[in-house]
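Only one structure is covered here, and it is reproduced in the block below.
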Amino acid sequence: MKYDLAIIGGGPSGASAAIEASSLGLKTIVIDEQAQAGGQFWRAKNSSIKQPVLSTESAAGNDLRDTLGASSAEFLHSTRVWHLHRVGDGFQLSIIGPNGSQTIDTSSLALAGGALERVFPVPGWTLPGVIGLGAATALMKEHVMLPGQRVVVAGVGPLLFFVAHEILKNGGRVVGVVDLNPLGDWLRRFPNMLSRPDLLMRGVGWQARLKLRGVPVLHGYGIREIEGESDVEKIHVGRVTDDWAPEGEITHSFNADSLCLGHGLYPASEPARMLGAIHSYDEQQGGWIPQTDSAGRTTVKNLVAIGDGAGIQGAAAAVLRGRLGAIAVAKDMDKVTADVALSRTKELTRQLGSARRFGLAMTSLTVPKTGILKSIAPDTMICRCEGVSRSALEAEIRSGGDMPNALKSATRCGMGPCGGKFCAEVVSLLTCHVTGKTPAELGLSTPRSPLRPVSVGALAGEFDYDDLPIPEPAPQ
Amino acid sequence: MKPGLRRTKGVTRHAPVKFIFDQMELEAPAGESVAAALLANGIRAIRHGPEDGQPRGAFCFIGLCQECLVEIDGNQIESCRVSVRDGLKIGRVRYQKKPSP
């Protein structure tokens, strides 16, 4: 059975694309690795929660899930795409989920896998109790659970204030907010934030609540060290320069049991790169993004890239990009006329302008600054999976292993279970700093299956060792 | 008594069930992810890093970082992707020490 359109990711862009595509008559399937659609931004409540507290945001997520459920699009939850490749002008996906492993054939493919967290290491960051800002968001949105009793929230970007505010809202205690950016950086973005006054007011509300509750908010400060025996106990903070480099002595030492740390989002581009879509480096959109037209068509025929996976423009933009991508696919498959496509896209494109302006203003706060490398000690672990320290990486880069594949082969950094998701950004920043190359010149290591960890047992299914046709040995 | 990490104001959850982690009997509402349930039970060191032997816990909470791995029925799985159910038995992932050269 072949689909017209398969969509990887059922978040704001993927689910919206599925609703649009199926309404235009396309046989559509959405595959998402989470338990429910909605992505991270509209992460659904866990099934243990009988009665949640509703907000306008969670209501919007519920609406999206309801509309997707009511549409003719199929939805596979808790299912991972671990491999994909082109078959003629179409695609085949290898998936694994609650129903075992199988393949999906589709004429067109939409990549809506969203973004990954960028977290720059700091001494002590592998201690239990240190989690990402996105992680804190997921924990609170899904489980309505606090990350700790005394929480420090640190890093850059809008998630910083969302997480701090959410902790307060859920009855928790924020011991301090530590923002690498000076307050002026936020104020400078005010004009662009005006393009979405609703989102601006929400952000202002977050800051106000923090101030009213007397939470120390330190702009132009960074984490120096996380201290603890077997989990987080103390967090040392100091000033940073405009380049995010630590400057001067430690100024604050917070007694805390939790650190939520994050430095923005970057596009999860591996599936698109694996299919051969041409990418370019745009630091204002989070880094490597596929080259696309205004509807999301990549350089690969019948492949569209939508949402944050195609550039960090935010959730509001993602919904619109999802719909535009679906319309483009429908038009390319002659399921709608050019006139119908045009009339549908006109208003969406107009809305996308203002949504994108706000989203990109937020992303610009998270463009990595080289000075942060000075916060990473030589023995700080950079690859958590394989235990590779900064000094080991630098030694390899300086000895000539300075291209991504060579560095990966020599150190194993990026070969561990997470597939390089959490070390890629800092490895790139470090390599560029040591070699003087730009990220565009450096590139990335070759994308490799599996896109997610899969066990041999799960792929083998019913196959057993006894099924192996081993011939009888010759008689002695 | 220290208040728990689960927000209770305006939120109701399903009844707690018993599950076992590393031979410890714990409780959590059915459906909660094991990683969240362990966190709420004050357990954050879920395993140890294979190279440095240092305690590790859940880091990303969405199934990607592989730091929250546990052992269930002989398989390794991310505890943030497993739901607590009555009688669930979970072990710690343990790495064999590398043979010395």
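Details
- Of the residues making up the stretch A:74-104, those that are under 22 Å from the mean Cα position of the chain (by Cα), farther than 17 Å from A:PRO271 by Cβ and part of a strand (DSSP E or B) number 1.
- Residue check, A:SER343 of a type outside the set (Lys, Arg), open to solvent by 10 Å² or more (accessible area, probe 1.4 Å) and within 14 Å of another protein chain (Cβ to nearest Cβ): no
- Condition check for B:GLU67: part of a loop (DSSP other than H, G, I, E, B) and modelled with pLDDT under 95: no
- Residue ID - farthest from the other protein chains (Cβ to nearest Cβ), chosen from residues in the stretch A:106-130 that are outside any loop (DSSP other than H, G, I, E, B) and open to solvent by 10 Å² or more (accessible area, probe 1.4 Å): A:SER107
- All helices (runs of 4 or more DSSP H) inside the stretch A:366-476 with 1 or more residues being buried (at least 16 other Cβ atoms within 10 Å of the Cβ): A:390-398, A:404-411, A:424-435, A:439-442
- Selection count where residues are in a strand (DSSP E or B) and open to solvent by 10 Å² or more (accessible area, probe 1.4 Å), scope the stretch A:230-239: 3
- B:GLY53 open to solvent by 10 Å² or more (accessible area, probe 1.4 Å), of a type outside the set (A, V, I, L, M, F, W, C) and either at positive phi or in contact (Cβ under 8 Å) with a residue 60 or more places away in the chain (or both): yes
- Of the listed requirements (1) over 12 Å from the mean Cα position of the chain (by Cα); (2) not in a strand (DSSP E or B), B:GLY42 misses just one: (1).
- Hey, A:ARG209 farther than 26 Å from A:GLU247 by Cα and either at pLDDT below 95 or charged (D, E, K, R) (or both) or not: yes
- Positions within the stretch A:242-284 being part of a loop (DSSP other than H, G, I, E, B) and open to solvent by less than 40 Å² (accessible area, probe 1.4 Å), in sequence order: A:TRP244, A:ALA245, A:ALA256, A:ASP257, A:HIS263, A:GLY264, A:ALA268, A:SER269, A:LEU275, A:ALA277
- Test: residue in the stretch B:78-97 that is small (Gly, Ala, Ser), facing another protein chain (nearest Cβ under 10 Å), part of a loop (DSSP other than H, G, I, E, B) and open to solvent by 10 Å² or more (accessible area, probe 1.4 Å): no
- Residue ID - least open to solvent (accessible area, probe 1.4 Å), chosen from residues in the stretch A:181-201 that are part of a loop (DSSP other than H, G, I, E, B) and touching a Lys or Arg at 6+ places or on another chain (Cβ under 8 Å): A:SER195
- Each residue in the stretch A:326-340 was checked for being surrounded by 17 or more Cβ atoms within 10 Å (Cβ to Cβ) and either part of a loop (DSSP other than H, G, I, E, B) or modelled with pLDDT under 95 (or both), and 3 of them qualify.
- Residue ID - farthest from the other protein chains (Cβ to nearest Cβ), chosen from residues in the stretch B:56-77 that are open to solvent by 10 Å² or more (accessible area, probe 1.4 Å) and at positive phi: B:ASP73
- Residue tally, condition facing another protein chain (nearest Cβ under 10 Å) and open to solvent by less than 10 Å² (accessible area, probe 1.4 Å), over the stretch B:9-28: 1
- Note on the stretch A:131-158: among residues that are touching a strand residue (DSSP E or B) at 6+ places or on another chain (Cβ under 6 Å) and more than 10 Å from chain B (Cβ to nearest Cβ), the one that is surrounded by the fewest Cβ atoms within 10 Å (Cβ to Cβ) is A:ARG150.
The values are calculated or read from the model by the stated rules, or taken from the named source; none is laboratory data. Note that the coordinates shown come from a computational prediction; the quantities given were computed from them, not determined experimentally. Note: ideal-geometry Cβ built from the backbone for every residue, glycine included; neighbour counts use all protein chains shown. These accessible areas exclude ligands, DNA and RNA; they are computed on the full protein's heavy atoms, side chains included. Shrake-Rupley method; radii C 1.70, N 1.55, O 1.52, S 1.80 Å.
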